[in-house]
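Worksheet: one structure, shown below.
The values are calculated or read from the model by the stated rules, or taken from the named source; none is laboratory data. Just so it is clear, the model here is predicted, and its values are computed rather than measured. All Cβ positions, even for glycine, are placed from backbone atoms using ideal geometry, and neighbour counts span all protein chains on display. SASA here: full protein model, heavy atoms, side chains in, ligands and nucleic acids out. Shrake-Rupley method; radii C 1.70, N 1.55, O 1.52, S 1.80 Å.
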Amino acid sequence: MAHIKRKYIDSHWLVFIFQGAIALLFGCLTLFTSDSTSAGLVPVIGIFLLALAIVEFANSIYRSYNRQGWAVSTAVAVFDALFGVLLLFMINEGMTWHLVLIAAYTLLRGIFELVIGFRTTVDPTDRFIWCLCGLCGLLFGIVIFNSGHLANVDFVRFFGAYMMILGVSSLIYSIHNREQQREDRIARSEAAHKAKVSQKSKNSKK
C-alpha cells in the first residue's frame, strides 16, 4: 500500500480538537482567575504547555507510524515541553522571568504559525486560520513583553486571551480539516475505482 507524506497541517483532525479544547480550558481559567500573583498561575501554564506537548508527541507517533513525516510535530512537542519545564522550574524566580518566558513562547509560536500559513498551504481557509493565529501570537507576545508595568497577573491574562483565540481557531480548523480529509478519501477512492475499471477495459480488449 502506498503512503502519502502529508504536511503538518494535514495531521489528524483530532489533534487540533484536543489542542483547541486544552487551549480554551486554559484560556478560561486564566482570564477569569482570582489569583493576584503570577506565582500561582505559572505552574498551571507549565502544566498546560506539557499537555500540549503530549498531544504533539502522540501526533508525532501517529504520523511516524503512518509514514507521513514526524519531524515538525516532534519539534513542536519539544518546543512546548521545553517552555513548560522551564516555567515549572522557575516558579520562584520572580515575575520578570515568568513574563519573559511567556512572551518568548507566544512570539515564537506566532512566527511558527505564520510560516505554516504562508509556506505549507494554498488553501485560503487554511492560510487565513494559521496566519490569524500567527499574527495574534506576534501581537500578544509584544503586548505581554511590554506589560511588566501593569498588575501582576495582567500578562497572564493576555496570554490566556491568546490561548482563547488559538483554541477557537484550532476547533474551527479541525472541522475544516476533517472535511478536507473526507473529500480526499472520496477522491482517492474514485481515482482507484476509475483505474480499476480502466485496467479491466484494457484486459478485455486483449
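If the condition is being open to solvent by 60 Å² or more (accessible area, probe 1.4 Å) and not charged (D, E, K, R), then the range 126-140 contributes F128, L132, L135, L139. Starting from the range 85-101, take each residue that is touching a residue at least 40 places away in the same chain (Cβ under 8 Å) and list its partners that are open to solvent by 60 Å² or more (accessible area, probe 1.4 Å), counting only C-beta distances under 6 angstrom and pairs at least six apart or across chains. Once the first residue is touching a residue at least 40 places away in the same chain (Cβ under 8 Å) and sits in the range 85-101, its partners that are open to solvent by 60 Å² or more (accessible area, probe 1.4 Å) give M90/W97. Restricting A2, A71, A39, A51 to residues that are under 18 Å from V156 (Cβ atoms), among the small types (G, A, S) and modelled with pLDDT under 85 narrows the list to A39.
Has the range 42-58 got at least one residue that is farther than 21 Å from L25 by Cα and either open to solvent by less than 10 Å² (accessible area, probe 1.4 Å) or assigned to a helix (DSSP H, G or I) (or both)? No; the residues of the range 42-58 include none that is farther than 21 Å from L25 by Cα and either open to solvent by less than 10 Å² (accessible area, probe 1.4 Å) or assigned to a helix (DSSP H, G or I) (or both).
Have a look at G84, G137, G117 and point out the one that is in a helix (DSSP H, G or I), of a type in the set (G, A, S) and in contact with a Cys (Cβ under 8 Å, 6 or more places away or on another chain).
Within the list G84, G137, G117, the selection yields G117.
From D123, D154, which residue is open to solvent by 20 Å² or more (accessible area, probe 1.4 Å), in contact with a helix residue (DSSP H, G or I) (Cβ under 8 Å, 6 or more places away or on another chain) and at pLDDT below 90? One residue alone meets the criteria, D123.
Residues that are open to solvent by 60 Å² or more (accessible area, probe 1.4 Å), more than 21 Å from A161 (Cα to Cα) and modelled with pLDDT of 90 or more are absent from the range 91-105.
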